[in-house]
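Okay, structure first, notes after.
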Amino acid sequence: MIPIIDSKRQYATIGAEIEKAVCEVLRSGSYILGPNVKALEAELAKYIGCNYTVGLNSGTDALHIALRALDIGVGDEVITTAFTFVATTESIEIVGATPVFFFFFPDTFNIDADKIENLITPRTKAIMPVHLYGQPCDMDKIMDIAKRHNLYVIEDCCQAIGAKYKGQNVGTFGDIGCYSFYPTKNLGGMGDGGLITVNSENLKNRIIALRNHGGAIRYHHDEVGVNSRLDEIQAAILRVKLNYIDEWNNSRRNHALTYNELLADCTDIQTPKELADTHCVYHQYTVKIPNRDEIHKMLQESGIGAMLYYPIPLHMQKVHAHLGYKMGDLPITEKNTEMVISLPMFPELTLEEQKTVASTLISCIEKSKALV
Ligand SMILES: *Cc1c(COP(=O)(O)O)cnc(C)c1O
């Protein structure tokens, strides 16, 4: 059995350090928004290269708090992708705004920046690019369009910590960047957690207030906020893991190159492409194949933990039915949704395992062709 991700293997390498850090928190008596959260926020601002970061309860909270902080709400439109995790578009619905779905670049799974302008209306307030699978979007084009049309940009970096576009970390191009520390993310806690990156001091102060019941001063509430405080145990764990993130991301990149080589001879498999001048961190290694559902089943039966991210495009989800999209409206998204499959990817994956994954995938494809 080769799982899609094996968190236990990572724990085996750094468990002692984590246990020490967690025990220190337990003994400290400070459990929420304490010294570890403060230190983590400073360390991540330095690592990512922004003025401020704000620790939160989840990536989902980061996204909707970002929208709130920019006063995006009822009547406003946010241009984003239908090929992402639901939290991206759910956050737009949470604040009462309307997601407007764009096409995406068939090669990189990201947005096709050239198509954004067709979707801009007088109600458009923001663009929300998603650096899906750890692949940076074409930020030059997106920022150029945003500037010309006076739109905010909120980057969904939940799968992309450490990913760079032209040498600069994602989450530092737009007005706000949103990160997740969900356990399976490249930098994952052992519980929920999230983070906002921001350069504007005013926005930072508003976000700090929104995360804690709408007030910067205790028991003074200026607006309706939420409880989205990051806890000390998660922050302490993340501080330990942050020391390893570049090493882990580099392992992922090497694994991606290895998969590319192992799969190169099979013309039925489209391996992931990288945009020029990007540093991808391969949260997922996702290929496109024909007969995907059948092959997915065969892989599972062979003990390969391949997964479908994501099996239903968001414009076809019940939660967004009220937007009135129908099948056929986003043909590239729909076609890709039918073809994608993500293969096992985590830093501790071995070459032997990668060879098994690749040869099994190729033989499943051959078998499925023979059946037709
Ligand atoms: C994981 C993820 C989120 C949500 O993060 P949570 O911490 O699980 O709330 C949002 N967007 C994308 C693209 C994600 O992968």
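Each stretch of four or more DSSP H residues adds -39500 (n - 2.57); spread over every residue of the chain, this sum gives -12500 deg cm²/dmol at 222 nm.
In percent, how large is the relative contact order of the stretch 96-163, given Cα pairs closer than 8 Å and 6 or more residues apart?
Values: 83 pairs, mean separation 21.4, N = 68.
Once divided by the residue count of the stretch 96-163, the mean separation gives 31 percent.
Pairs of alpha-carbon atoms within less than 8 angstrom and 6+ residues apart define the contacts here; what relative contact order does the chain have, in percent?
On the way: 753 pairs, mean separation 80.3, N = 372.
With pairs under 8 Å counted, the relative contact order is 22 percent.
Around T271, under 13 Å between beta carbons, what's the net of Lys plus Arg minus Asp minus Glu among the other residues? Computed value for this residue: -3. Over the stretch 236-339, with every protein chain in place, what whole percent of the accessible area is carbon and sulfur at 1.4 Å, could you tell me? Taking all protein chains in place, the stretch 236-339 shows 50 percent carbon and sulfur surface.
To the nearest 20 Debye, how big is the dipole of the chain about its Cα centre, given +1 on the beta carbon of each Lys and Arg and -1 on that of each Asp and Glu? Display every interim value, and only then the final one.
Values: 35 positive and 45 negative charges, 88 e Å.
Approximately 420 debye in magnitude.
Dipole check for the stretch 1-132: with +1 at the C-beta of Lys and Arg, -1 at the C-beta of Asp and Glu, and the Cα centre as origin, the magnitude is about 380 Debye. Counting only protein heavy atoms and a 1.4 Å probe, the chain has 43 square angstrom of accessible area per residue. Within the chain, DSSP assigns beta bridges of which about 60% are antiparallel (rounded to the nearest 5).
Computed in the context of the full set of protein chains, the accessible area of the stretch 173-230 at 1.4 Å probe radius has 49% of its extent on carbon or sulfur.
Name the chymotrypsin sites (Phe, Trp or Tyr not before Pro) in the stretch 267-372 that are in a loop by DSSP and that have at most 13 other C-beta atoms within 10 Å, would you? Don't jump to the answer; show the numbers that get you there.
Working: sites: Y282, Y285, Y309, Y325; in loops: Y282, Y309, Y325.
Hits after loop and neighbour filter: nothing returned.
Sequence-distant contacts, meaning Cα pairs under 8 Å at least 6 residues apart, place the relative contact order of the stretch 240-345 at 31 percent.
Other residues within the sphere of radius under 11 Å centred on the Cβ of C137, judged by their own Cβ, net out at -4 (K and R +1, D and E -1). So which residue, out of H322, H64, H279, gets the largest mean-square fluctuation from a GNM of the chain using Cα contacts under 10 Å as springs? Fluctuation is largest for H322. Using the average count of surrounding beta-carbon atoms within 10 Å as a protection proxy, the listed peptides 248-260, 335-347 rank, highest first, as 335-347, 248-260.
Can you tell me the FRET efficiency between R148 and K335 if r is taken as the Cβ-Cβ distance and R0 is 25 Å, rounded to the nearest 0.05? Calculated transfer efficiency: 0.25. Putting +1 on Lys and Arg Cβ atoms and -1 on Asp and Glu Cβ atoms, find which of N260, T286, L275 reaches farthest to the positive end of the dipole of the stretch 243-286. Value computed over the given set: T286. Applying D = kT/(6 pi eta Rh) to the chain, where Rh is the Kirkwood radius over alpha-carbon pairs, T corresponds to 10 °C and eta to 1.306 mPa s, the Stokes-Einstein value obtained is 75 µm²/s. For the pair E366 and N199, a Förster radius of 41 Å applied to the C-beta separation gives a FRET efficiency near 0.20, rounded to the nearest 0.05.
The values are calculated or read from the model by the stated rules, or taken from the named source; none is laboratory data. Computed from a predicted structure; not experimentally measured. No Cβ is skipped: glycine too gets one built from the backbone with ideal geometry, and neighbour counts run over all protein chains shown. Just the protein is used for accessible areas: all its heavy atoms, side chains included, with ligands, DNA and RNA removed. Shrake-Rupley method; radii C 1.70, N 1.55, O 1.52, S 1.80 Å.
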